[in-house]
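Student: A single structure is presented below for examination.
The values are calculated or read from the model by the stated rules, or taken from the named source; none is laboratory data. All values derive from a computational prediction rather than experimental measurement. No Cβ is skipped: glycine too gets one built from the backbone with ideal geometry, and neighbour counts run over all protein chains shown.
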Amino acid sequence: MTDRYDAVARFLHWAIVLLIIVQFSSAWSWDIFEKGTTGRFVLFQFHLYSGYSILALALLRIVWRLTHRPPPLPAGSSRLVEIASHAVHGLLYLAIVVQPLLGIVMITAFGKSLGRWPGEAHELVADGLLVLVGLHVAGALFHQFVLRDRLIERMLPARR
Ligand code: HEM
Ligand code: HEM
């Protein structure tokens, strides 16, 4: 298969994957440090700036996606696989925009006045994102090892 996503789409995909790893690593480890300590502060700052970067890259990515056609799905993909992959991709795009926005709402005075729900929503979307990424990676593995159609190469750097 030679059709790939273009270099910008591939770069944005993997940059956002790395930053999402930063988000979960920071959020899951800052409790090691007491409130008010430098360690906790630094992890939280990583979470904020990596989160803002995800929002910026996600918006750029969506604009790029709307103006640049992705390669067509491999011939012979079933209608069901097509619908399922589009649904997961759509929800992933939604999650990488909504999640940073919820984070931003949470840290404002307005967000704090809303009580617990912005925090709970941020937690819920984080869980949802994990489920979506699980399905997404399962899909990639299914293509790689069952269908053996090398779909994954569409999102990897071109081989010389
Ligand atoms: C895609 C981007 C993001 C992801 C995947 C993400 C993920 C997470 C996760 C997994 C938690 C821990 C939730 C829990 O179990 O309690 C968390 C907590 C938090 N996040 Fe994010 N986050 C993102 C962006 C942001 C942004 C942009 C901000 C702020 C501007 C932010 C602010 C917070 C805050 C304040 C908490 C602490 C909640 C608490 O402990 O009460 N997040 N985030
Ligand atoms: C961690 C968060 C991830 C997010 C948010 C994400 C998001 C997305 C989205 C939205 C698309 C659809 C692109 C489009 O057509 O518009 C996509 C495609 C793709 N992703 Fe991910 N992805 C993530 C992780 C991964 C991982 C870990 C892998 C590797 C197994 C992967 C492999 C792929 C591949 C191969 C495609 C291309 C599918 C095709 O050719 O139709 N992704 N990803």
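Student: Only residues that are charged (D, E, K, R) and more than 23 Å from Val125 (Cβ to Cβ): list them for the range 27-69, please.
Tutor: Within the range 27-69, Glu34, Lys35, Arg69 qualify.
Student: In the range 85-113, which residues are at pLDDT below 95, surrounded by 15 or more Cβ atoms within 10 Å (Cβ to Cβ) and not polar (S, T, N, Q)?
Tutor: Within the range 85-113, Gly111 is the sole residue that qualifies.
Student: Out of Arg159, Arg116, Arg154, Arg150, I need the residue that is over 15 Å from the mean Cα position of the chain (by Cα), at pLDDT below 95 and under 20 Å from Ala58 (Cα atoms). Which one?
Tutor: Within the list Arg159, Arg116, Arg154, Arg150, the selection yields Arg154.
Student: Away from ligand 1 (no atom under 14 Å from the Cβ) and free of Cβ contacts under 8 Å to residues at least 12 places away in the same chain: does that describe Ile152? Walk me through it before giving the result.
Tutor: Numbers: away from ligand 1 (no atom under 14 Å from the Cβ): yes; free of Cβ contacts under 8 Å to residues at least 12 places away in the same chain: no.
Against the criterion (away from ligand 1 (no atom under 14 Å from the Cβ) and free of Cβ contacts under 8 Å to residues at least 12 places away in the same chain), Ile152 does not qualify.
Student: Exactly one of (1) surrounded by 15 or more Cβ atoms within 10 Å (Cβ to Cβ); (2) touching a residue at least 60 places away in the same chain (Cβ under 8 Å) is unmet by Phe24. Its number?
Tutor: Phe24 satisfies all of (1) surrounded by 15 or more Cβ atoms within 10 Å (Cβ to Cβ); (2) touching a residue at least 60 places away in the same chain (Cβ under 8 Å) except (1).
Student: If I ask for residues that are more than 21 Å from Tyr93 (Cα to Cα), within 15 Å of ligand 2 (Cβ to nearest atom) and polar (S, T, N, Q), which ones from the range 27-79 would you list?
Tutor: Ser77, Ser78
Student: May I ask you to list the residues in the range 33-87 that are β-branched (Val, Ile, Thr) and either away from ligand 1 (no atom under 16 Å from the Cβ) or without any contact (Cβ under 8 Å) to a residue 24 or more places away in the chain (or both)?
Tutor: Across the range 33-87, the qualifying residues are Thr37, Thr38, Val42, Val63, Thr67, Val81, Ile83.
Student: Follow-up. What pairs can you find where one residue is in the range 114-140 and in contact (Cβ under 8 Å) with a residue 60 or more places away in the chain, the other is near ligand 1 (Cβ under 8 Å from one of its atoms) and in a helix (DSSP H, G or I), and their Cβ atoms are less than 6 Å apart, with a gap of 6+ or different chains?
Tutor: Leu129/Ala95
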